[in-house]
1. Return the distance in nm (one decimal) between the two label points of a simple spin-label model at ILE11 and ARG102, each offset 7 Å from Cα along Cα→Cβ.
2. Let me cross-check ILE112: its accessible surface, 1.4 Å probe, with only protein heavy atoms counted, in Å² to the nearest 10?
3. Sort 301-311, 29-39 for me by packing, meaning the mean count of neighbouring Cβ atoms within 10 Å per residue, highest on top.
4. May I ask you to list the trypsin sites (Lys or Arg not before Pro) in the stretch 358-410 that are in a DSSP loop and have at most 13 other Cβ atoms within 10 Å of their Cβ?
5. Could you name the lysines whose alpha carbon sits less than 19 Å from that of LYS77, not counting residues in the same chain fewer than 8 places away?
6. What ranking do 351-364, 231-244 get when scored by the average of other Cβ atoms within 10 Å per residue, highest first?
7. What distance in nm separates the two pseudo spin-label positions at SER145 and PHE72, each 7 Å out from Cα along the beta-carbon direction?
8. With contacts defined as alpha carbon pairs under 8 Å and 6 or more residues apart, what's the relative contact order of the stretch 284-349 in percent?
Amino acid sequence: MMRRHGPEALIWRRRIAILGGAIVIGLIALMFAALADKANEVFQEMIRLRWWLPLVVTPVGFAAFVWLTLRFAPEAKGSGIPQVMAAMRDPTRGLERLASTRTAVAKFFLTIGTLLFGASVGREGPTVQIAATIMGHAHRWMRISLRSSVYIAGGAAGVAAAFNTPLAGVAFAIEELAAAYEQRMTLLVMAAVLIAGMVSLGLAGDYVYFGEMRQTLSVSQALFVTPVAGLIGGLAGGCFARLMLSTGRTSFRPVAWLRSRPVLFAAICGMTVAILGVATGLTWGTGYQTAHDVIAGHDVPLWFGAAKFMATLATAVSGLPGGIFAPSLSVGAGIGDVLRGIFPDYPPGAVVLLGMVAYFTGVVRAPLTAVIIISEATASRGLMIPLLGAALMGDFAAQLISKEKLYHGLAQRFLLGAPSR
């Protein structure tokens with residue numbers, strides 16, 4: 001009886017691992033968010049004092065951080081979500097490399113560091129890798145055999161805590177991390193998401209990530225703007241995914257030559273980001289504030305979306321640790337701002353959200369996750385049907401540009417035994 005139902009029983013050890021892991025994920029996600037915001041503020045203060053400083057600091061920072069990453073934690077480069085997908089193929093060995101404590105700690109500090117020199121990165125992808133690592137080690141410490149569902153639950157909890165969007169965490173687990181969603185892991189995912197979300201909610205308060213947006217569209221308006229937003233946003237998102245995947249694989253000699261010299265390549269990417277940032281003043285960091293302002297009705301230059309697209313692509317292909325969730329939403333807001341000019345008589349905030357969800361879907365090819373993130377992050381539940389329509393159209397349009405899903409393609413580079421590219 002004690003072996004089956006006592007405190008040493010497997011069921012209790014599993015529950016403790018889920019509870020403890022999810023609480024730690026919520027706390028780490030909040031600390032990560034606070035430090036990332038502080039790093040971005042420090043950089044913004046720096047460019048207010050010396051506008052030209054990024055032309056020096058950003059390229060050097062790109063080169064130095066890529067060198068540090070490749071030297072001490074090569075599995076920490078990039079988003080973090082592909083690493084989790086690769087670790088799921090062999091959960092036990094994945095915990096030793098792709099989801100190791102060393103990798104997670106490096107990911108935490110290196111991602112924050114990239115914001116100190118203006119890289120166009122987000123913290124949501126890194127949060128997924130860190131959260132999956134925490135959940136994996138929590139199960140190992142409780143002497144529970146690892147399964148892929150452990151990483152899925154941790155990653156889902158990370159999304160929930162990063163955006164304060166519990167439903168998006170569940171959707172992300174089903175749609176993006178789990179190729180085949182197993183019924184038996186439902187409780188594990190739900191429990192981890194719920195606990196991490198409660199920790200985030202309890203400490204940070206009941207905030208809406210991008211602020212509330214209550215505008216809606218009439219049926220006739222939705223029928224016109226939804227397919228246009230879905231097509232434009234999806235094609236743009238598919239282009240981003242295609243360019244990012246092809247940069248790591250192309251045999252085009254100049255690119256291949258630079259790719260074989262990652263530090264030099266990173267410095268060139270950093271100079272690209274610096275020039276764009278100094279010229280526009282809007283493409284630095286996550287892009288959260290700009291996206292928030294566009295949703296609220298403020299105007300940005302028509303070229304903002306394209307400039308942020310280039311800055312994010314240059315950062316993503318450089319090999320720096322950092323995610324693309326928040327920058328992609330910012331690019332989508334820029335596309336939505338262009339759509340406002342095409343449909344000037346339509347509710348502007350609603351049109352912007354359609355552009356955001358379509359572009360984000362085009363990049364990550366997860367329409368359900370995109371809709372729920374936008375809906376929860378803006379409290380725009382009245383737009384659920386148009387958002388879903390734009391996301392589905394965006395997913396279809398993106399397939400015309402890139403057949404391969406971005407994260408699945410990137411995950412191939414982290415599979416155990418695969419050459420690093």
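1. Simple spin-label model gives 4.0 nm for this pair.
2. Rounded to the nearest 10, that gives 20 Å².
3. Working: 301-311: 20.6, 29-39: 18.7.
Ranked from most to least packed, the peptides come out as 301-311, 29-39.
4. Loop-located and lightly packed - LYS403.
5. LYS107, LYS405
6. Those peptides, ordered most packed to least, come out 351-364, 231-244.
7. Going from the SER145 label point to the PHE72 one covers 3.7 nm.
8. 48
The values are calculated or read from the model by the stated rules, or taken from the named source; none is laboratory data. Just so we're clear, the structure is a prediction, and the values are computed from it rather than from any experiment. With ideal geometry, Cβ positions are generated from the backbone for all residues, glycine too; neighbour counts draw on all protein chains shown. What goes into the accessible areas is simple: the full protein's heavy atoms, side chains included, and nothing from ligands, DNA or RNA. Shrake-Rupley method; radii C 1.70, N 1.55, O 1.52, S 1.80 Å.
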